[in-house]
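The values are calculated or read from the model by the stated rules, or taken from the named source; none is laboratory data. Computed from a predicted model, the values in this text were never measured in an experiment. With ideal geometry, Cβ positions are generated from the backbone for all residues, glycine too; neighbour counts draw on all protein chains shown.
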Amino acid sequence: MRTETPARPEANPAGPWTRRAVTAFRAGAWAWVLTGAGHLTLAVVSGPGPADPAGARAVAAMRAYEIEIGGVRRTLRDIDLGMSFAMATALIFGGAVCLLVARSAPALVTRSRSLSGLALAASLVVLGLSLALLPLPPVVLFSVAVVAFAGALAAARPAPSPAGP
C-alpha cells in the first residue's frame, strides 16, 4: 500500500497565495503559543505573591476569602491562579493544533476559509478583551494574531464547488 504525502504549500503550483496563507496562519498560531507561554511563565513566577506591601495584602485577602463552586471550596487566589494556568495552557495547545494543521493539512488553511475565519474571530474577541483589561504584551501578540489570521483568510482560495447533475 502506497501513501502519498500531501504537497507542501511551497510545492503547490496553484500560486504564491498558498504559501502566503499558510505562512500567515502559522504566524497567528505562533502568536497564540507565545501569548500562552508568556502568560504561563508569568503566572508561575508570580505564584508566590507580590513583593510590594499593597500587592501582598491583596493576595492575602484573596487567600483568606473562600467560595464554594460545585461543592468544592476554593480561595479566590486558587481560582485566579487556576484559571490563569488553564487559559494559558489552552492557548498554547490551541496554537499548537493550528501549527499542526498548517503543517499536516495545509489545504484546510488554503482551500477553506472556515478555519482561518474561526481563528480570526477568536483572536478578535480576545484582542477586544485584552484592550479593555490587560497590559500591552497580550494586546501586541493578539494584534499580530488578528493581522496574521486576517491575512490567511484573505489569501485562502476556496475550492470551486463541483458542478451538479
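Remarks
- Criterion: assigned to a helix (DSSP H, G or I), polar (S, T, N, Q) and either surrounded by fewer than 17 Cβ atoms within 10 Å (Cβ to Cβ) or touching a Leu at 6+ places or on another chain (Cβ under 8 Å) (or both) - qualifying residue of SER123, SER130, SER112, SER116: SER116
- ALA88 vs. criteria more than 17 Å from the chain's Cα centre (by Cα), in a helix (DSSP H, G or I) and modelled with pLDDT of 85 or more: no
- Qualifying residue in the range 63-84 (condition: modelled with pLDDT of 95 or more and under 26 Å from ALA159 (Cβ atoms)): no
- Meets criteria (in contact (Cβ under 8 Å) with a residue 60 or more places away in the chain, surrounded by fewer than 16 Cβ atoms within 10 Å (Cβ to Cβ) and in a helix (DSSP H, G or I)) for ALA96: yes
- Odd one out for GLY55, checked against (1) at pLDDT below 90; (2) surrounded by 13 or more Cβ atoms within 10 Å (Cβ to Cβ); (3) part of a helix (DSSP H, G or I): (2)
- Pair list, Cβ under 8 Å, 6 or more apart: the range 8-29 residue farther than 11 Å from ALA156 by Cα and of a type in the set (Lys, Arg), other residue surrounded by fewer than 23 Cβ atoms within 10 Å (Cβ to Cβ) and at pLDDT 70 or above: ARG8/PRO106; ARG26/LEU99
- The number of residues in the range 62-92 being exposed (fewer than 13 other Cβ atoms within 10 Å of the Cβ) and touching a residue at least 24 places away in the same chain (Cβ under 8 Å) comes to 1.
- When each of ALA56, ALA60, ALA64 is tested for being among the aliphatic types (A, V, I, L, M), more than 23 Å from PRO138 (Cα to Cα) and touching a strand residue (DSSP E or B) at 6+ places or on another chain (Cβ under 9 Å), the lone residue that passes is ALA64.
- Beta carbons closer than 7 Å, at least 6 apart along the sequence or on distinct chains, pair a first residue in the range 37-59 that is over 19 Å from LEU134 (Cα atoms) with a second that is at pLDDT below 85 for ALA56/GLY49; ALA56/PRO50.
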